[in-house]
Structures are given as C-alpha cells and as structure tokens.
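Asker: Dropping the structure in here first, questions after.
The values are calculated or read from the model by the stated rules, or taken from the named source; none is laboratory data. All values reported here derive from a predicted model rather than from experimental measurement. Virtual Cβ from ideal backbone geometry, glycine too; neighbours counted across all protein chains shown. When the accessible area is computed, the model is the full protein with side chains, heavy atoms only, and any ligands, DNA or RNA have been set aside. Shrake-Rupley method; radii C 1.70, N 1.55, O 1.52, S 1.80 Å.
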2 protein chains.
Amino acid sequence: MAVLTENTYKPLTVESAINLAINLQLFTNKENLVCKEIGDGNLNLVFHIVDNEKQKGIIIKQALPYAKVVGESWPLTIHRSEIEANALKTHGEFVSHLVPKVYHTDKTLAITVMEDLSHLTIARTGLIDGQNYPLLSSHVGEYLAKTLFYTSDYALHPFKKKDLVKQFSNPELCKITEDLVFTDPFFDVDTNDFEEELKDTVREIWKDASLKFEVAKLKKQFLTETEALLHGDLHTGSIFASITETKVIDPEFAFYGPFGFDVGQFFANLIFQVIVRTGEQRQVILNHLEKTWDIFQTIFTDSWQKDCLEPFAEIESYLPYILGKIFTDSIGFAGCELIRRTIGLSHVKDLDGITDIKVRIAAKKTALKLGRACILYRHKINGMEDYISFIKQNINE
Amino acid sequence: MAVLTENTYKPLTVESAINLAINLQLFTNKENLVCKEIGDGNLNLVFHIVDNEKQKGIIIKQALPYAKVVGESWPLTIHRSEIEANALKTHGEFVSHLVPKVYHTDKTLAITVMEDLSHLTIARTGLIDGQNYPLLSSHVGEYLAKTLFYTSDYALHPFKKKDLVKQFSNPELCKITEDLVFTDPFFDVDTNDFEEELKDTVREIWKDASLKFEVAKLKKQFLTETEALLHGDLHTGSIFASITETKVIDPEFAFYGPFGFDVGQFFANLIFQVIVRTGEQRQVILNHLEKTWDIFQTIFTDSWQKDCLEPFAEIESYLPYILGKIFTDSIGFAGCELIRRTIGLSHVKDLDGITDIKVRIAAKKTALKLGRACILYRHKINGMEDYISFIKQNINE
C-alpha cells in the first residue's frame with residue numbers, strides 16, 4: 001500500500017506524519033489536525049495526531065534505526081516495528097479488548113498506525129502516583145492466559161506454530177534481554193548502574209555461585225524454550241490503564257519463549273510497588289498479584305479444557321504440571337527482573353524515583369534480596385498464597 | 001547453477017541422473033558409467049553411479065514429493081532435501097570425517113549429490129548379522145558431542161543460532177516424529193502395528209496414566225526445546241559403518257530440538273541389539289552403549305572448556321547440570337523409541353526379523369517393558385553404569 005512516495009526508510013516529521021494520516025483517510029480535514037511527537041526519542045518516534053473538532057486521535061509509532069539508553073547508542077533493526085505490529089495483531093485475535101487496534105503498518109517506513117490511548121495512563125506512572133486500577137490484574141491475567149495459551153502448541157496446529165516461531169524470530173531484541181536481564185547484572189561489567197551504597201550487596205551477587213547457577217538455568221530457558229508467543233517486555237510501563245480499561249502496548253520484544261517470562265516480568269513490576277508501598281496500599285498490590293495468577297490459572301484452564309489439541313491433555317496431572325512449571329518459572333524470571341531493574345542498565349521509576357537516599361537504598365536492597373530469594377527458592381514455593389507469604393517475609397525481615 | 005535445463009521438479013531417471021553427473025563434471029566419460037536406482041522408493045530415489053574404469057562412484061539422492069510407509073502414502077515436502085543437504089554441510093563443519101561429502105545440491109530438483117559410501121554397510125544390517133564395529137560408539141559419541149555442542153547457544157553467537165533455528169524449521173518431518181514416536185503408540189489409533197500376542201501388553205500401555213504423563217513431558221520437550229541442530233532420526237539404519245569407518249547419513253529430519261533426542265534414539269537402537277543378543281555378544285553392545293556416553297561426555301566437556309561462549313560456564317555446577325539433563329532426557333527419548341519401534345507404524349528389523357514367533361514376542365515384550373521403565377524412571381538413573389545395570393535388570397527379570 002503506497003501511501004507515501006518514499007520507497008526507503010526515512011524518519012517522519014510532524015508534517016509528514018499528518019500527510020500520512022490524511023493519505024490513509026483516517027482524517028478528512030487537515031485544518032483541524034494537531035500533531036505532537038511524544039516519544040522519548042530513545043527507540044521510537046511517536047506521533048500523536050488529534051482532530052480537534054471531532055475529538056478523535058491516532059498514534060503513529062515509527063522505529064528508529066538505533067537504541068539509546070542512558071547516553072549510549074547502538075544500531076537496532078527497524079524490523080522490530082513489523083514484529084510489534086504482527087504481535088499486536090496475533091495477540092489481538094485472542095484479546096482484542098486488551099491491545100490497541102492497528103489501523104495500518106508499513107514495513108519500509110517501520111511504522112504502525114494505531115488506536116489513540118491518550119485517555120489512559122501508563123500503569124507504572126499511575127501506580128507510583130497511588131492509583132490502584134482495580135481491574136488491572138484481572139485484565140492482565142486474562143491477557144497472559146489467552147495470548148500464551150492460544151499461541152502455544154496446545155492450541156495451534158504444529159505447522160502454524162512453527163510458522164509463527166519463524167515469523168517472530170527476533171534476535172536483536174532478544175539479545176538485549178539476554179544481556180541486560182540474564183547476564184550483565186550478575187557480572188562486573190560496564191553496563192551495570194547502581195549507587196555506591198549498593199556496592200557490597202552487588203559484589204555478593206557477583207560472587208554467589210548458587211545464584212548464578214540458577215540464573216544460568218533461567219537464561220537457558222529464555223534461549224531455548226519456544227512455548228508461546230511472548231510480549232517479551234511486559235512491565236507496567238508497557239501497560240496503559242484506567243479504572244475500567246487496560247491496554248497492553250509495545251510488544252517489540254515479542255518472540256517465542258517460555259510461558260513464565262511474561263508472567264514473571266509482570267509479577268516483578270508489581271512487586272516493586274509492594275516494596276515501596278506500606279500498609280493497606282501494599283495489600284492492594286499483593287491482592288493484584290494474587291488476582292493476576294488466579295485469573296491466569298482460571299482462564300488458562302478453561303481454554304485448555306475447551307480448545308486443547310494435545311491428546312495427552314486427557315491425562316489429569318498434565319495441566320497441573322504445566323501450570324506448576326509456569327508458576328515456578330515466573331517466580332524465577334521475576335527474580336531476575338527485580339535484580340536487573342535495580343543494578344542493571346535499565347531502571348524503574350518505582351525505585352529510582354525515591355528521593356530520600358536512605359529510603360531508596362533500603363528499597364533497592366530489599367529488591368535485590370527478594371530477587372535473589374525468588375531465583376534460589378522458586379521450586380519450593382507452592383502456590384500464590386505461599387508466594388505472598390514468601391514476599392512479605394523477605395520484605396520485612 | 002543451471003546444470004539441467006528443467007526449472008521445475010521432475011523425478012530423475014537412470015538416464016537423466018547420468019547426464020546430471022556428466023554436466024556436473026563429476027565424470028568425464030559417459031561410456032564407463034553404470035547407474036542403478038537403489039532407494040526403497042518410499043521417500044527418495046537414490047541413484048548409485050559408478051565409473052567402472054576409474055572405480056569411482058557418487059550417490060544422487062532425490063526426494064520424492066510423497067512418503068510411503070506400509071502401503072499408506074501421503075504428500076511430503078521436497079524441501080526436506082534442502083534441509084538434509086544443509087544439515088550435512090552444517091554438521092560437516094564439525095565432523096567432516098563422520099558424514100558424507102556433499103558435491104552438489106539443487107533445490108528445485110530436490111537432489112543432493114554426495115560421496116559414494118557403498119564400501120560400507122548400514123550399521124543395523126551389520127549388527128543384525130553379528131558384526132560389532134569396534135569404532136561405532138566412539139565415532140557416534142564424537143558425532144553427537146560435536147554436532148550438538150557446536151550448533152547450540154553455547155558455541156554460536158545468538159544471531160547465528162536463531163538464524164539456524166529458522167533455516168532448519170522442519171514442520172512436516174517433525175510432525176511425523178510428533179505423531180509416530182510421541183503420540184500414536186500411546187493411544188488406540190490405526191497407525192499402530194503389532195502382533196495379536198502383544199495386545200494385552202499394549203492395552204496396559206494405553207491405560208498407563210503415569211507413563212503417558214511422562215511421555216507428554218518428553219513430547220513437550222521435543223516440541224519446544226531448541227537446544228541444538230539435531231540429526232532427528234539417528235537410528236542404526238542412518239549410519240554406514242565398517243571396522244574402521246562410520247558415516248552418519250540421511251539427516252532429513254534435522255531441526256532444532258533437545259540435545260537428548262539424537263542421543264536417546266541411538267541408545268535405543270543399540271538396546272534392540274542388547275535385547276536380541278546374549279552372553280558376550282550382548283556385552284559388546286553394552287560396551288558400545290557405555291562408550292558412546294563416555295566419548296560424548298569427554299568431547300562435549302572438552303568443547304565446552306575450549307569454546308563455550310556462555311559467561312555462566314564459569315559456574316562449576318553448570319556443565320554437570322547440562323550433561324545430567326542430556327543423560328536423563330536421552331533415557332526418556334530412548335524409552336519412547338523402544339516402544340514406538342515395537343508397536344507403532346515403523347518397526348526395526350532387529351525385532352521383526354526374528355522368525356521364531358515365541359522368541360520375537362518375548363523380545364518385543366522386553367522392549368516394551370524396558371521402554372516403559374526408561375520413561376518412568378529416567379530421573380532416578382545416575383550415570384551410565386547405573387543405566388547398564390538398569391537395562392540388564394529389566395531384560396532379565
């Protein structure tokens with residue numbers, strides 16, 4: 001679909017973004033359009049175009065051919081834009097109400113034109129501001145159960161599944177995770193970033209052979225287990241929310257990986273809020289954690305019972321085994337996320353935003369301690385109730 | 001390389017095979033060439049062309065667009081020819097002395113022109129005839145260690161590995177294994193094939209929920225674990241041997257799967273000989289089993305120590321963990337192979353060739369019993385010595 005005359009990649013401007021929207025007939029009258037670039041400029045350009053008269057908007061997201069994190073910049077395939085659009089569409093088949101609608105894609109320009117979600121707030125920002133989003137966990141639980149089950153071998157013909165594995169091969173973005181989540185934080189390398197006050201704790205991690213052994217196993221799972229089409233970066237910054245709505249965005253890290261990775265990343269990003277909140281407000285988040293797993297299990301089980309193609313599904317112990325594996329893996333992956341967001345290259349505002357240095361360092365030490373415990377003891381945690389006690393224990397001690 | 005004028009697939013004849021060989025300049029003088037089609041006609045045409053004067057030969061293998069097994073016929077991608085040639089080349093980078101040389105390939109015609117190995121015997125045939133091939137296990141142990149290690153995440157850059165995973169996506173051939181090895185033998189379906197005398201034993205298998213649960217786990221590993229580029233069908237019928245040489249052929253089932261699958265299939269096909277032999281001749285095969293694992297471990301360990309790219313390899317417990325996992329998985333996969341070759345669609349001559357019905361049924365019952373035990377108790381077997389005792393126990397009881 002040649003809506004622009006260019007046949008080669010070129011970053012959009014506010015001007016050309018508006019022209020594109022008009023050419024796509026998403027708007028009729030150029031006069032009423034206001035366009036702003038609202039991306040952070042590190043990975044993507046994000047144009048928000050609004051028709052002021054009709055109160056209707058769209059988002060045009062364009063991948064940049066590089067990534068910038070904390071000053072560093074390295075080349076990065078714009079193919080991730082196609083991966084992201086395809087993941088939104090594939091996941092959208094199962095949870096259309098939980099992902100943005102895709103109106104148009106262009107491989108050459110590396111753009112995705114999609115639903116304007118500006119009436120919602122990024123969940124991380126909202127949670128830090130004390131919002132509680134009562135439906136967040138049921139929605140994410142449903143998102144996880146349906147996207148993971150329906151893209152797995154349990155629901156797809158093996159030809160279709162293997163075709164998707166190929167289509168979502170995503171080496172460059174996976175490598176970022178392989179390095180920044182599963183490797184660098186556990187070794188003394190330059191990409192790490194942490195306060196002087198954490199140095200001793202971090203050194204303990206680098207010397208902890210039993211911890212590193214368990215991380216090696218989790219990394220191996222990430223590298224080799226093609227269980228389902230993952231979002232690949234499901235932290236609370238990839239979720240738009242309000243009191244009534246939830247939309248999961250930005251699946252540019254999508255690839256076939258272990259079920260538990262998405263679940264675990266979401267767990268960990270809730271846990272940051274558990275760490276920084278207290279009293280009843282902390283309990284709200286613990287309830288979210290419980291609800292996420294509860295809804296996940298319920299919907300995964302329903303889907304299995306209705307749509308599982310695997311003849312061995314008749315074996316009663318098989319589904320509990322799969323759910324058990326997902327749970328255990330999730331706790332391990334959550335542990336890695338807790339550690340890497342505290343001492344690795346890419347941090348979270350939940351912790352970094354704490355201005356009081358003493359409080360911040362204490363919170364970070366708790367994140368590291370809990371992360372380590374999740375990785376080491378994941379096989380010993382029996383169910384969500386047990387996990388909640390485990391978290392409380394590791395936070396309060 | 002347009003050596004033939006055809007742009008479309010067409011089965012070769014003795015005539016056109018000779019013309020192809022001449023066009024490829026593999027021979028100069030057409031007069032001295034003798035060509036015979038020596039394939040079994042079920043999956044491939046195999047032309048053996050010999051220059052009688054120069055005593056030099058080649059093999060031209062051409063994939064047929066269908067598969068025939070026991071009278072049944074179904075369409076099958078000729079793309080497998082490309083997979084096979086690429087697997088021979090990829091594995092050949094690491095064990096050039098253990099695979100046939102590839103002289104030429106043609107995607108359209110689905111042919112591989114390769115080294116003539118007619119001075120060797122198919123290992124299964126030789127073993128059934130009482131040959132012992134003293135180097136078989138060291139060669140196969142080396143083949144397994146090098147092909148598996150050097151195509152894994154431990155030896156390849158992640159981009160290269162993920163590229164190979166895509167290149168060796170092999171849905172149709174994998175489905176044959178998924179069905180015939182991991183599913184059908186455990187359910188009452190038409191593809192199964194066994195003597196009336198085995199009916200009760202087979203019904204026990206179909207009703208055995210704990211066995212089927214373990215098979216479900218092994219099947220899941222086959223479907224989701226992209227550990228290494230496997231041969232995919234490493235039975236003794238895929239191995240040419242003599243007293244001094246071993247060549248592994250026919251990797252058309254190649255794909256990225258669990259390390260243990262190739263190892264386990266080879267184990268199982270040795271075990272059929274353990275079952276049918278007695279006394280010292282049985283011991284020879286048990287020694288092969290031991291040697292295969294011994295050499296595998298030694299070379300895998302050497303390769304790991306020399307060439308492992310994984311930073312976590314520094315953790316002392318990591319390599320033993322990986323070797324332990326490979327061993328356990330291998331025993332499980334061996335168990336599946338023992339069962340499916342006894343009651344599934346595709347049998348082995350080691351058992352079917354036994355003319356005395358009582359002896360044959362006894363051997364098959366032993367294969368089923370041992371297969372079941374391997375699957376159920378694989379996690380409890382500690383090392384090869386233990387496995388050998390375990391096999392002996394299950395055979396003699």
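Asker: Between A and B, buried accessible area summed over both sides at probe 1.4 Å, in Å² to the nearest 100?
Answerer: Numbers: alone 17570 and 17570 Å², together 31490 Å².
Buried surface at the A/B interface: approximately 3600 Å².
Asker: Now for a separate question. Would you list, by chain and number, the lysines whose Cα falls below 17 Å from the Cα of B:Lys247, excluding same-chain residues fewer than 8 positions away?
Answerer: Output for B:Lys247: B:Lys61, B:Lys89, B:Lys101, B:Lys146.
Asker: Now a separate question. Membrane-span-like helices in chain B: DSSP H runs reaching 15 Å or more (Cα, own axis), mean Kyte hydropathy at least -1.0? The partial results should precede the final answer.
Answerer: Working: long enough: B:80-92 (17 Å, -0.93); B:136-150 (21 Å, 0.29); B:209-224 (22 Å, 0.04); B:259-276 (27 Å, 1.47); B:279-307 (41 Å, -0.85); B:318-343 (38 Å, 0.63); B:357-377 (29 Å, 0.56); B:383-396 (20 Å, -0.41).
Taking the DSSP H segments of chain B (at least 15 Å long, mean hydropathy at least -1.0), we get B:80-92, B:136-150, B:209-224, B:259-276, B:279-307, B:318-343, B:357-377, B:383-396.
Asker: Tell me, what is the FRET efficiency for A:Ala209 and B:Glu204 to the nearest 0.05, using R0 = 56 angstrom and their Cβ-Cβ distance as r? If you can, show how the numbers build up before the last one.
Answerer: Details: r = 46 Å, r/R0 = 0.82.
For A:Ala209 and B:Glu204, the calculated efficiency is 0.75.
Asker: Have a look at region B:309-328 and report residues whose accessible surface goes down by 50 Å² or more when the remaining protein chains are included, against the chain on its own, probe 1.4 Å, ligands and DNA/RNA excluded.
Answerer: For region B:309-328, once contacts with the other chains are taken into account, B:Phe312, B:Ile315, B:Tyr318, B:Tyr321 lose 50 Å² or more.
Asker: Using alpha carbon centroids, what distance separates region A:31-94 and region B:66-137, in Å?
Answerer: 49 Å
Asker: Enumerate the aspartates and glutamates that A:Lys54 could reach by cross-link, defined here as Cα to Cα under 17 Å, with residues fewer than 8 away along the same chain left out.
Answerer: The reachable aspartates and glutamates, counting only those whose Cα sits under 17 Å from A:Lys54, are A:Glu31, A:Glu115, A:Asp116.
Asker: Normalising by the residue count of region B:121-396, find the relative contact order in percent from Cα pairs under 8 Å and 6+ residues apart. Kindly include the intermediate steps, with their values, before the conclusion.
Answerer: Values: 395 pairs, mean separation 75.0, N = 276.
27 percent.
Asker: Roughly how many Å² of B:Leu345 are accessible to a 1.4 Å probe, to the nearest 10?
Answerer: About 20 Å², ignoring ligands and nucleic acids.
Asker: Let me check against my output: what whole-number percent is the relative contact order of region B:293-390, with C-alpha pairs under 8 Å and at least 6 apart? Working shown, then result.
Answerer: Working: 56 pairs, mean separation 30.0, N = 98.
After rounding, I find 31 percent.
Asker: About the Cα centre of chain B, how large is the charge dipole given +1 on each Lys and Arg Cβ and -1 on each Asp and Glu Cβ? Please answer in debye to the nearest 20.
Answerer: Details: 43 positive and 55 negative charges, 50 e Å.
Magnitude of the dipole: close to 240 debye.
Asker: In whole angstrom, note down how far apart the Cα centers of region B:5-27 and region A:165-192 are.
Answerer: If we compute the Cα centre of each part, the gap is 48 Å.
Asker: In whole percent, and with a 1.4 Å probe on the protein chains, what portion of the accessible area of the protein assembly as shown is carbon and sulfur?
Answerer: Numbers: 15770 of 31490 Å².
Carbon with sulfur: 50 percent of the solvent-accessible area.
Asker: Here is a further query. Using a 1.4 angstrom probe, figure out how much accessible area region A:35-172 has per residue, in square angstrom, rounded to the nearest whole.
Answerer: On the way: 5520 Å² over 138 residues.
Per residue, region A:35-172 has 40 Å² of solvent-accessible surface.
Asker: Quick one: ranking A:Leu43, B:Leu234, A:Leu156 by accessible area, 1.4 Å probe, largest first, what do you get? Don't skip to the end; give the middle numbers.
Answerer: Numbers: A:Leu43 55, B:Leu234 0, A:Leu156 25 Å².
Largest accessible area first, the list is A:Leu43, A:Leu156, B:Leu234.
Asker: Taking 0.36 nm per residue of separation and subtracting the Cα-Cα distance, what length does fully extending A:Ser317 through A:Glu53 add?
Answerer: Details: separation 264, 0.36 × 264 = 95.04 nm, distance 5.84 nm.
Result: 89.2 nm gained on full extension.
Asker: What translational diffusion coefficient, to the nearest whole µm²/s, does region B:159-291 have by Stokes-Einstein, given a Kirkwood radius computed over alpha-carbon pairs, a temperature of 10 °C and 1.306 mPa s viscosity? Display every interim value, and only then the final one.
Answerer: Details: Rh = 16.9 Å.
It comes out at roughly 94 µm²/s.
Asker: Additional query: Suppose every K and R has +1 on its Cβ and every D and E has -1 on its Cβ; what is the size of the dipole of the protein assembly as shown about the Cα centre, in Debye to the nearest 20?
Answerer: Values: 86 positive and 110 negative charges, 70 e Å.
For the protein assembly as shown, the charge dipole is close to 340 debye.
Asker: Next up: Over region A:232-327, with the other protein chains present, what is the accessible area per residue in square angstrom, probe 1.4 angstrom? List each step's numbers first, then the result.
Answerer: Numbers: 3130 Å² over 96 residues.
So region A:232-327 comes to 33 Å² accessible per residue, rounded to a whole number.
Asker: Sticking with this structure for a sec: Calculate the spin-label point distance for A:Ile38 paired with A:Glu15, positioning each point 7 Å from the Cα along the beta-carbon direction, and give it in nanometres.
Answerer: For the pair A:Glu15/A:Ile38, the computed spacing is 2.4 nm.
Asker: Taking only Cα atoms and a 10 Å spring cutoff, compute GNM fluctuations for chain A and point out the largest among A:Pro11, A:Pro185, A:Pro251.
Answerer: A:Pro11
Asker: Taking the label point as lying 7 angstrom from Cα along the Cα-to-Cβ axis, what are the distances from A:Asp302 to the corresponding position in the remaining copies, in ascending order and in nanometres?
Answerer: List, nearest first: 5.8 nm.
Asker: Suppose R0 equals 51 Å. What FRET efficiency, 1/(1 + (r/R0)^6) with r the Cβ-Cβ distance, do B:Thr191 and A:Ile357 give to the nearest 0.05?
Answerer: Details: r = 68 Å, r/R0 = 1.34.
So the FRET efficiency works out to roughly 0.15.
Asker: As a test of understanding, state the convex hull volume per residue of region A:121-396 from its alpha carbons, in Å³. Each step should come with its number before you reach the end.
Answerer: Details: hull volume 33.1 nm³, N = 276.
So the per-residue Cα hull volume is 120 Å³.
Asker: Kindly provide the helix-only [θ] at 222 nm of chain B, computed as the sum of -39,500 (n - 2.57) over DSSP H runs of four or more divided by all residues, to the nearest 500 deg cm²/dmol?
Answerer: Details: 14 runs with 201 residues, N = 397.
Theoretical 222 nm ellipticity from helices: -16500 deg cm²/dmol.
Asker: Here's another thing I want to ask about it. Taking each label point as 7 Å beyond Cα in the direction of the beta carbon, state the distances from A:Gln393 to the same residue in the other copies, shortest first, in nm.
Answerer: Label-point separations across copies, in nm and ascending: 3.6.
Asker: Measuring from a point 7 Å out along Cα→Cβ, what nm distances, shortest first, does A:Ser118 have to its partners in the other copies?
Answerer: Here A:Ser118 shows inter-copy label distances of 7.7 nm.
Asker: While we're on this one: By accessible area of protein heavy atoms, probe 1.4 Å, what ranking do B:Arg203, B:Arg124 get, highest first? Present the calculation step by step, with values, prior to reporting the outcome.
Answerer: Numbers: B:Arg203 115, B:Arg124 25 Å².
Largest to smallest exposure gives the sequence B:Arg203, B:Arg124.
Asker: For region A:328-369 and region A:223-275, write down the distance between their C-alpha centroids in whole Å.
Answerer: With region A:328-369 and region A:223-275 each reduced to a Cα centre, they are spaced 17 Å.
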